[in-house]
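See below for the structure under consideration.
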Amino acid sequence: MVTTVAAIAAEAFTDVAAELDVIKACTVTAVTQGAYNPVTHTYAETTTVETGRAVMDQAKPIKDVFPDYVVGPGDTLFWLEGLTTAPKENNTLTIGGVPRKITQVGDVAGAGTFFSVVAR
């Protein structure tokens, strides 16, 4: 049996969710700018929404995960699982109806399936 980071993260989130109410459904929304329309003077936009699960981490200092990041007011560390595409800076992370701007992204173990993010 092959164990992957994605499988470990999914199992951990499921196990924690069964015991504590800290794992929340989330969406990550990305807006991609397309071609310029000279008639309307606007750019076409494509919106992509992806769902996953998130947990807020208020125990670990953000500096421990992102040592070069300058932490600002309202910055919060989250761990995201279940996404098929890596979140990016300036994407919107929405949890419980509260939208936050992603300001930093880390790919845990370089697996492309489990992410640490800072959002405000």
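The values are calculated or read from the model by the stated rules, or taken from the named source; none is laboratory data. Note that the structure is a prediction, hence the values are computed from the model and not measured. Positions of Cβ are generated from backbone atoms using ideal geometry, with glycine treated the same way; all protein chains shown enter the neighbour counts.
Count, please, the residues in segment 94-120 that happen to be touching a residue at least 24 places away in the same chain (Cβ under 8 Å) and closer than 20 Å to residue 59 by Cα. Residues meeting the conditions: 14. Residues that are over 19 Å from residue 11 (Cα atoms), among the β-branched types (Val, Ile, Thr) and either modelled with pLDDT under 95 or crowded, with 18+ Cβ neighbours inside 10 Å (or both) within segment 74-84 are absent altogether. The residue of segment 50-73 that is modelled with the highest pLDDT, among those that are exposed (fewer than 12 other Cβ atoms within 10 Å of the Cβ) and among the hydrophobic types (A, V, I, L, M, F, W, C), is 70.
What do you reckon, is residue 110 on the phi > 0 side of the Ramachandran plot, at pLDDT 95 or above and more than 13 Å from the chain's Cα centre (by Cα)? The answer is no for residue 110. Would you confirm, using the coordinates I've provided, whether residue 49 is part of a strand (DSSP E or B), of a type outside the set (Asp, Glu) and free of Cβ contacts under 8 Å to residues at least 60 places away in the same chain? In short, yes.
Only one of these conditions is not met by residue 35: (1) more than 20 Å from residue 114 (Cβ to Cβ); (2) not in a strand (DSSP E or B); (3) not β-branched (Val, Ile, Thr). Which number is it? Among (1) more than 20 Å from residue 114 (Cβ to Cβ); (2) not in a strand (DSSP E or B); (3) not β-branched (Val, Ile, Thr), the lone unmet condition for residue 35 is (2).
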